[in-house]
Amino acid sequence: MSSKEIVEQIESKKKCSSKLPTWFNASGIYFPNKLNIEQTSSELTAKYKSELINGKSIVDVTGGFGVDCYYFSKKFESVIHCDLNENLSKIVKHNYAQLDVSNIETFSTNGIEYVINSTNKFDWIYIDPSRRNDVKGKVFLLKDCLPDVPENLSSLFKKSSNILIKTSPILDLKSAINELEFVKEIHIVAVKNEVKELLFLLEKDYTESINIKTVNILKQSNQTFNFELSIESNSVYSQPLTYLFEPNSAILKSGGFQNVSNQFQIAKLHQHSHLYTSENLITFPGRRFKIKANIQYDKKQLRKLIPTGKANITTRNFPQSVMDIRKKTKLKDGGKDYLFFTTNLDGKHIVLVCEKL
């Protein structure tokens with residue numbers, strides 16, 4: 001092994017310390033380049049996926065570093081890992097042997113073609129399409145990815161009645177639903193309040209309401225919130241009361257804002273603010289605060305209320321950015337006070353001074 005290769009191994013292994021502890025702690029593991037490590041699922045999210053599905057056989061048409069397949073192998077009798085990159089495929093096969101996994105077959109091939117040309121049918125097909133490099137802008141469609149899932153969907157359903165698709169968190173949910181068929185569930189997966197991936201579970205001929213399931217994976221426990229997409233809910237609105245609730249990032253991505261108000265019986269501050277309030281403290285999938293002061297946005301009054309000159313600032317439905325607010329108020333980041341710059345139901349710009357619970 002050359003000195004350059006040794007350095008690459010050290011750098012890639014470092015990236016696995018918290019993301020892929022099983023690989024990091026195992027002996028004899030060969031690590032691919034850093035980009036492959038960055039693009040792969042974490043063990044936390046791979047384990048979550050594996051708990052959603054089971055059966056005898058599954059094929060991963062975009063295998064990558066093989067973390068998802070490793071966890072699928074604990075739920076399926078037979079797992080097939082396909083990847084176009086011949087070198088990566090060899091690395092994955094070598095690593096599975098080091099991890100004592102014997103029910104995964106690896107193939108260096110086009111996974112979509114492998115499935116379509118196979119004489120077998122599978123209980124599940126798993127796809128993790130990657131965004132094409134030539135696609136500009138933040139909003140993109142599944143047809144902008146490789147492989148092109150919508151184009152191949154009818155062919156894939158001939159080989160399996162169940163398809164699981166993982167996508168980037170910036171994919172637009174409504175656009176994806178329009179591009180796909182038979183969507184049964186959408187899982188929005190966050191880790192420590194950062195959305196990591198979207199999961200679309202497709203079941204052939206499914207035509208009922210789509211279930212939206214959100215999870216925020218935390219160290220001690222998971223925050224979950226679920227709702228049916230077709231069921232309309234109406235929010236209750238109120239001026240700020242005793243407590244303030246901020247949904248976690250998975251819920252914010254789901255767009256189920258009326259459902260939050262309805263299920264938890266708490267009021268929204270404004271149609272577009274996505275902050276909630278109540279006289280009662282409840283268990284909530286997000287952050288909880290006690291409101292100490294409710295003022296109109298005024299720099300001088302704000303400075304009096306924050307004598308330390310430090311505060312944690314969040315904006316929701318407010319015309320200025322956090323950076324702009326810090327410049328104007330001279331408030332530094334940190335401290336025990338939490339400031340929410342938002343808009344109330346009368347359309348007035350307000351600041352809620354809170355303590356975190």
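Tell me, His187, His81, His270, His94 in order of fewest to most beta-carbon neighbours within 10 Å?
Ascending Cβ contact count within 10 Å gives the list His94, His270, His187, His81.
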- If we sort 8-15, 334-341 on the protection proxy, mean other Cβ atoms within 10 Å, highest first, what's the order? 334-341, 8-15
- Dipole of the chain, positive end: most advanced residue of Val92, Val236, Gln223 [Cβ charges, Cα centre]: Val236
- Item | Kirkwood Rh and Cα Rg combined as Rg/Rh, the range 207-357 | 1.00
- Note on the structure: XL table Lys192/Lys336; Lys299/Lys356; Lys14/Lys336; Lys74/Lys213; Lys15/Lys93; Lys90/Lys174; Cα-Cα > 26 Å flagged, in table order, is Lys14/Lys336; Lys90/Lys174
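Dividing the Cα convex hull volume of the range 19-88 by residue count, how many Å³ per residue is that?
So the per-residue hull volume is 94 Å³.
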- Mind checking the dipole of the range 3-227: about its Cα centre, +1 per Lys or Arg Cβ, -1 per Asp or Glu Cβ, Debye to the nearest 20? 560
- Between Ser168, Ser27, Ser273, find the one with the highest GNM mean-square fluctuation for the chain; connect C-alpha pairs within less than 10 Å. Ser27
- Query: Mean projection of the alpha-carbon convex hull of the range 304-357 over all orientations, in nm²?
  - Reply: 4.0
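What does the charge count near Glu228 come to, summing +1 for each Lys or Arg and -1 for each Asp or Glu among other residues with Cβ under 15 Å from its Cβ?
Charge balance near Glu228 sits at -1.
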- Message: What is the sum of charges, Lys and Arg at +1 and Asp and Glu at -1, for the other residues whose Cβ falls under 9 Å from the Cβ of Lys56?
- Response: -2
- Eligible aspartates and glutamates near Lys204 by straight Cα distance, threshold 14 Å, same-chain separation 8 or greater: Asp123, Glu181, Glu185
- For the chain, built as a Gaussian network whose Cα springs stay under 10 Å, the top-fluctuating residue of Arg131, Arg316, Arg326: Arg326
- Message: My understanding is that a pair violates if its Cα-Cα distance is over 32 Å; which of Lys34/Lys327; Lys34/Lys143; Lys56/Lys143 do that in this structure?
- Response: Lys34/Lys327
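With only Lys, Arg, Asp and Glu charged, each at its Cβ (+1 for the first two, -1 for the last two), find how big the charge dipole of the range 169-327 is about the Cα centre; round to the nearest 20 debye.
1440
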- Message: Which one, Asn312, Asn259, Phe341, projects farthest toward the positive side of the charge dipole computed for the range 236-356 from Cβ point charges (K/R +1, D/E -1)?
- Response: Asn312
- In nm, give the distance between the simple-model label positions of Ile170 and Arg303, each being 7 Å from the Cα along the Cα-to-Cβ direction. 3.9
- Checking Pro147, Pro21, Pro285 against a Gaussian network model of the chain (alpha-carbon springs below 10 Å), the top fluctuating residue turns out to be Pro21
- Count charges around Leu153 for me, please; just the other residues with Cβ under 12 Å from its Cβ, Lys/Arg as +1, Asp/Glu as -1. 0
- Item | Sparse-neighbour loop sites [trypsin sites (Lys or Arg not before Pro); the range 184-213; at most 12 other C-beta within 10 Å; DSSP] | Lys192
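Charges at C-beta only: +1 for Lys and Arg, -1 for Asp and Glu. How large is the resulting dipole of the range 236-356 about its Cα centre, in Debye rounded to 20? All intermediate terms of the calculation are to be shown ahead of the outcome.
Details: 20 positive and 8 negative charges, 124 e Å.
The calculated dipole for the range 236-356 is roughly 600 debye.
Every number in this text was worked out from the coordinates using simple rules, so none of it is lab data. A quick note: this is a predicted structure, and the numbers were derived from the prediction, not measured. FYI the Cβ positions are ideal-geometry reconstructions off the backbone, even for glycines, and counts take in every protein chain you see.
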